[in-house]
Amino acid sequence: GVGMGMTAPVSITVFPAEDGSFQQKVKVSLRIPSQFQDKPPCPTDESIKIEEREGMTIYSTQFGGYAKEADYVNYAAKLKAALGSGAAYHKDFYLCNGYDPPMKPYGRRNEVWFVKE
C-alpha cells in the first residue's frame, strides 16, 4: 500500500541465444529504496520475488539514448570483443541496465554488465 517511486537502475537479466539475441526468458529487477531495505514490503503478486543481490565484480560499457534490444545486443558484442578471450565472466547471461525514466529525452544512461566469474 506504499508507493516507492522510480528506482534506478532497472536491471534486466538476459539469457542470449546463439545469435546473441535475447531469449524470451528475461528477469527484471528493481532496486528497493534504502528506507525499505531492512524490512521490504511483502508483494501481493506471487510472481514478484524479493531477492538479495550479492556483491559482484562486473565488466561494463555505457551508452545513451532510448535503448532497445538491438542496442543492448550490439553493446554486449562490443564489450565481448573489447574483453577478448582472456576475461573470465558468465557467458550464459548478462545484465542490461537503464537509469532514466521514460520521460527523460536527453542525457540518458544505459549499461551492459558482464558478471566476472
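The values are calculated or read from the model by the stated rules, or taken from the named source; none is laboratory data. Note that the coordinates shown come from a computational prediction; the quantities given were computed from them, not determined experimentally. Neighbour counts are summed over all protein chains in view; Cβ atoms, including those assigned to glycine, are modelled from backbone coordinates with ideal geometry. What goes into the accessible areas is simple: the full protein's heavy atoms, side chains included, and nothing from ligands, DNA or RNA. Shrake-Rupley method; radii C 1.70, N 1.55, O 1.52, S 1.80 Å.
A few comments on the model shown:
- Residues that are in a loop (DSSP other than H, G, I, E, B) and touching an Asp or Glu at 6+ places or on another chain (Cβ under 7 Å) within the range 86-111 comprise Ala88, His90, Arg108, Arg109, listed in sequence order.
- Meets criteria (under 14 Å from the mean Cα position of the chain (by Cα), part of a loop (DSSP other than H, G, I, E, B), at pLDDT 90 or above and surrounded by 10 or more Cβ atoms within 10 Å (Cβ to Cβ)) for Asp71: no
- The set of residues from the range 1-26 being closer than 14 Å to Cys96 by Cα and open to solvent by 80 Å² or more (accessible area, probe 1.4 Å) comprises Gln23, Lys25.
- Residues (within 17 Å of Gly65 (Cβ to Cβ), out of contact with any Lys or Arg (no Cβ under 8 Å at 6 or more places or on another chain) and open to solvent by less than 80 Å² (accessible area, probe 1.4 Å)) located in the range 85-104: Cys96, Asn97, Pro101, Lys104
- The criterion of being surrounded by 10 or more Cβ atoms within 10 Å (Cβ to Cβ), of a type in the set (A, V, I, L, M), over 19 Å from the mean Cα position of the chain (by Cα) and outside any loop (DSSP other than H, G, I, E, B) holds for Ala82.
- Residue match in the range 41-63 (condition: touching a helix residue (DSSP H, G or I) at 6+ places or on another chain (Cβ under 7 Å), of a type in the set (A, V, I, L, M, F, W, C) and modelled with pLDDT of 85 or more): yes
- Qualifying residue in the range 50-59 (condition: surrounded by 12 or more Cβ atoms within 10 Å (Cβ to Cβ) and part of a loop (DSSP other than H, G, I, E, B)): no
- Of the residues making up the range 11-18, one or more are touching an Asp or Glu at 6+ places or on another chain (Cβ under 9 Å), modelled with pLDDT under 90 and part of a strand (DSSP E or B).
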